[in-house]
Amino acid sequence: MMDSLLLTALFWGAVSAVSLPLGAWAGIRWRPHSKVVSTLMAFGAGALLFALSVELLGHVPELAREMGISALLAGVGGALTGGVVFDLLNQMLNNRGAFLRNLSNAKEYVARSKRKRARRVLRKLSTLEAFRDVPPEELADLVKGVHRRSLKDGEKVFEPGDAADEIYFVRRGSIRISEPEDTDGNGQESIVEAFDSFGELGVLTHTPRTTIARAEDDTVLYLLERDDLRDAAIGSEAIRTALQQLALQRAAEWRHRQRSPELDFLRKEAEDDLDEMNMPLEEQDFKEERDEMRASAGIGMAIWLGIAIDAVPESLVIGSLASAPEGMSFAFIVGVFLANFPEAMSSAVSMRIAGFSRLRILSMWGSLCLLTALGAGIGALVLSSAQHGGPSTIIVFVEGLAAGAMLTAIAETMLPEAFEQGGSIVGMATLCGFLAALIVASL
């Protein structure tokens, strides 16, 4: 009996997840049009929504009437727990590079990182006396185009004769600024530490660089480009005046920067404006984040775990359904299969662009297929004993846990990804997927 149950769970787990390596292979081989991927993904999401709402949570009201309030609390509590756990794990892994697995996660992560960089640069500018009279919304607009650059120890930023195209803010590490040696072999040097800035004078006075700037340690810089400064100055008399004043101050080697309650208030208002501002994302922004993450040794594992947290709830549900008296839900298997294929297809394309090899991508998705099958088998064995004697609060909680995690995943990853690539077609595709699952369940 147990052997038959295990084989059943393993089989259906593998069937539902075999679309993962198939979808990844299709994405790498054909690079399908974004409309095709988004339509398939929305269709799969609709099928999953039916399976989750009807097959997993739909029987909770009936169980609550039979078993009492404990069944309702178990179902609701499990769903909330699953949603919270998935959300926390998803955010944690995205911060370690798992955002590269799909476009919507990548855009959200890059936009958040860009806002953080802009806030840090804004804090620096707000300490300068020259910007005291700049309105908060104009100061926020000035820094929304900030970029990031990572340097290795000893790497050069600029040297005499280079065009002065950027103002730099040291986020981490330090920069050594050196003057060329004169005929006596002498040259002045200074160190720019974290949270300080350099390179303003050449940009503001439109003159080439006259010094050498080199990273002292592994250093991260934030950059404001000349074109962004020029555009901001054209649109704001206050910024134009502030930049002129800053150029005079830098030329006179002005070094004393004081904070005041007024400046702190100005900075806070401008930071609030940044949070509300639509900051355009450019290809350079994605390249900066991608290069930064690819340097991390654990990025592959982070992406794999990010994919795995989608698969684990599915395997738990399959294991639970395999051991249930009413048997396996074909609507759920179809929904999972249809949802997995376009998700793997889209993610494989994103991972390929991020620099992952074909073999590595296929290996990662293939291992997820095995993980889903094994998880379904283990879930069936563990939960089968709880099924004897009818439904229990444990089963209701586990089903709610898996359903909550999957519903959160659909809302946070699948539908945003589908809409990102497909737009308005997503609504009808989701409805068609829901109705297709209804037909399968009915037949």
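The values are calculated or read from the model by the stated rules, or taken from the named source; none is laboratory data. From a predicted model like this one, the values you see are computed outputs, not experimental measurements. Neighbour counts run over all protein chains shown; Cβ positions are idealised from the backbone, glycine included.
Which members of segment 27-83 meet the condition of being without any contact (Cβ under 8 Å) to a residue 60 or more places away in the chain and either buried (at least 24 other Cβ atoms within 10 Å of the Cβ) or among the β-branched types (Val, Ile, Thr) (or both)?
Val36, Ile69
When segment 295-330 is examined, which residues are found to be among the hydrophobic types (A, V, I, L, M, F, W, C), assigned to a loop (DSSP other than H, G, I, E, B) and modelled with pLDDT of 70 or more?
Ala324, Met328
Do you know which residues across segment 201-227 are in contact with a helix residue (DSSP H, G or I) (Cβ under 7 Å, 6 or more places away or on another chain) and in contact (Cβ under 8 Å) with a residue 40 or more places away in the chain? Step through it out loud before you land on a result.
Of the residues in segment 201-227, the ones in contact with a helix residue (DSSP H, G or I) (Cβ under 7 Å, 6 or more places away or on another chain) are 201, 203-205, 208-209, 222, 224, 226.
Those that are in contact with a helix residue (DSSP H, G or I) (Cβ under 7 Å, 6 or more places away or on another chain) and in contact (Cβ under 8 Å) with a residue 40 or more places away in the chain: Leu201, Leu204, Thr205, Pro208, Arg209, Tyr222, Leu224, Arg226.
What are the pairs, 6+ residues apart or on separate chains, where a residue within segment 9-25 that is on the phi > 0 side of the Ramachandran plot has its Cβ under 8 Å from a residue that is assigned to a helix (DSSP H, G or I) and surrounded by fewer than 22 Cβ atoms within 10 Å (Cβ to Cβ)?
none
Before we move on, is Pro32 part of a helix (DSSP H, G or I) and farther than 16 Å from Gly335 by Cβ? First the steps, then the outcome.
Working: part of a helix (DSSP H, G or I): no; farther than 16 Å from Gly335 by Cβ: yes.
No.
Does segment 344-354 contain any residue that is at pLDDT 80 or above and of a type in the set (D, E, K, R)?
No: segment 344-354 contains no residue that is at pLDDT 80 or above and of a type in the set (D, E, K, R).
When you check Phe356 against the structure, is it surrounded by fewer than 24 Cβ atoms within 10 Å (Cβ to Cβ), assigned to a loop (DSSP other than H, G, I, E, B) and of a type in the set (Phe, Trp, Tyr), yes or no?
Judged against the criteria, Phe356 is a match.
Looking at segment 220-227, can you tell me whether even one residue there is assigned by TED's automatic domain parsing to the domain that holds His147, more than 18 Å from Asp162 (Cβ to Cβ), in contact with a Lys or Arg (Cβ under 9 Å, 6 or more places away or on another chain) and at pLDDT 80 or above?
Within segment 220-227, one or more residues are assigned by TED's automatic domain parsing to the domain that holds His147, more than 18 Å from Asp162 (Cβ to Cβ), in contact with a Lys or Arg (Cβ under 9 Å, 6 or more places away or on another chain) and at pLDDT 80 or above.
Tally the residues that are under 30 Å from the mean Cα position of the chain (by Cα) and among the aliphatic types (A, V, I, L, M), restricting the search to segment 364-382.
7
So which pairs qualify, if the first residue must be in segment 404-432 and outside the structural domain of Gly78 (by TED's automatic domain parsing) and acidic (Asp, Glu), the second must be surrounded by fewer than 22 Cβ atoms within 10 Å (Cβ to Cβ) and assigned to a helix (DSSP H, G or I), the Cβ gap must be under 9 Å, and the two must be at least 6 apart or on different chains?
No pair meets every condition.
Do you know which residues across segment 317-332 are touching a Phe, Trp or Tyr at 6+ places or on another chain (Cβ under 8 Å) and over 21 Å from Asp3 (Cα atoms)?
Let us first name the residues in segment 317-332 that are touching a Phe, Trp or Tyr at 6+ places or on another chain (Cβ under 8 Å), namely 317-318, 321-322, 328, 331.
Hit for segment 317-332 is Ala331, nothing else.
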